[in-house]
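K.L.:
Mind looking over this structure? Questions follow.
Taken together, the values in this text are just the output of simple stated rules run on the coordinates, not laboratory data. Computed from a prediction, not measured in an experiment: that's the story for all the values here. Neighbour counts run over all protein chains shown; Cβ positions are idealised from the backbone, glycine included.
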Amino acid sequence: MPLIEADDLFKFYHPGDAEVRALRGVSLTVERGEVVALIGPSGSGKSTLLACLAGLDEPDGGIVTIDGRRMTRRPEAERAALRANSIGFLAQSGNLFDHLSVAENIKLQMNLSGKFDSCRVIELLSLLGLADRGHAMPATLSGGELARAGLAVALASDPPLLLADEPTAEVDAETESRILELLEARRAKGGAALIATHSSALGLKASRVLEITDGRI
Ligand code: ADP
Ligand code: MG
């Protein structure tokens, strides 16, 4: 059974009188141990697709199934529970609560998924090169640190599936290579990821590349 399956997803936006067809019949699966790169130009529907897969947004048509359980058209609380159990989500920005330190943000995410583990907080911080930044507030982090801290939060509960929206955009080379190492280590243990990216390094490391154009794969 695939870890995530999207069947014929459609999503429309209606700004004013216009209709933007952001997703037009997208189907895909991601299996355990796969790192899939989602590549497409700006405006092609990558962020919309990831939000629908994570259950943060509802598609207008089609079905998302997470590990055999339907995500689409479920009450918000059910979607949130499914997401907390199975998915680490890394948005393009705004992954941390500003009033909590980096470590507190990681702990909060662990608590939400019922997997609190103080050793893992320290392990994650050091894996991502943030060993001395646990007490730092988000506003004091550099761009690269902020991206790595966001990833630490997304991986806090060691989710089977990571959905990441351009995690290596605008980060330094060190951060990019740390992220790639982490994805590789996760994959070796059966972890899966679907990553929207412009990074050719990430495209090369991926087990598979999906190209999206005008809302179609
Ligand atoms: P990408 O992440 O590949 O840049 P998006 O999923 O953000 O693409 O956007 C796909 C299309 O949907 C674009 O044409 C974008 O302008 C449009 N779009 C995205 N979000 C909204 C929104 N909230 N309202 C109206 N149009 C939107
Ligand atoms: Mg986007």
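K.L.:
Cut-off under 18 Å on the C-alpha distance; same-chain residues fewer than 8 positions from residue 46 excluded. Which lysines are left, in chain and number order?
P.N.:
11
K.L.:
Multiply the residue gap between residue 204 and residue 104 by 0.36 nm, knock off their C-alpha separation, and tell me the result in nm, one decimal place.
P.N.:
Net length gain for the segment: 32.6 nm.
K.L.:
Give the span of the stretch 141-207's Cα atoms along each principal axis, as three whole-Å numbers ordered largest to smallest.
P.N.:
Taking max minus min along each principal axis of the Cα atoms, the stretch 141-207 gives 31, 27, 17 Å.
K.L.:
Measuring from a point 7 Å past the Cα of residue 188 along Cα-to-C-beta, which residues in the stretch 26-54 have an amide N at less than 19 Å?
P.N.:
Only 32-36 fall inside the zone, counting backbone N under 19 Å.
K.L.:
Taking only Cα atoms and a 10 Å spring cutoff, compute GNM fluctuations for the chain and point out the largest among 59, 167, 75.
P.N.:
In this elastic network of the chain, the residue with the biggest mean-square fluctuation among 59, 167, 75 is 75.
K.L.:
Moving to a separate point now. Among the aspartates and glutamates, select those whose C-alpha is under 14 Å from the C-alpha of residue 205, and discard any that sit fewer than 8 residues away in the same chain.
P.N.:
Qualifying aspartates and glutamates at Cα under 14 Å: 34, 176, 181, 184.
K.L.:
Over the residues of the stretch 1-82, compute the C-alpha Rg and express it relative to 2.2 N^0.38 Å.
P.N.:
Normalised Rg, Cα atoms only: 1.11.
K.L.:
Convex hull volume of the Cα atoms in the chain, per residue, in Å³?
P.N.:
Taking the convex hull of the Cα positions in the chain, it is 124 Å³ per residue.
K.L.:
Sticking with this one: Obtain the radius of gyration and the Kirkwood radius of the stretch 111-171 from its C-alpha atoms and give Rg over Rh.
P.N.:
0.95
K.L.:
Please tell me the relative contact order of the chain in percent, rounded to the nearest whole number, where contacts are Cα pairs under 8 Å and at least six residues apart.
P.N.:
31 percent
K.L.:
What's the whole-number percent of alpha carbon pairs in the stretch 69-151 lying beyond 22 angstrom?
P.N.:
Taking all Cα-Cα pairs of the stretch 69-151, the fraction more than 22 Å apart is 28 percent.
K.L.:
Right, something else. Mean Kyte-Doolittle of at least -1.0 plus a Cα span of 18 Å or more along the axis: flag which DSSP H helices in the chain meet both, please.
P.N.:
Span-like helices in the chain: 173-188.
K.L.:
Kirkwood hydrodynamic radius (Cα pairs, Å) of the stretch 92-217?
P.N.:
So the Kirkwood estimate lands at 15.0 Å.
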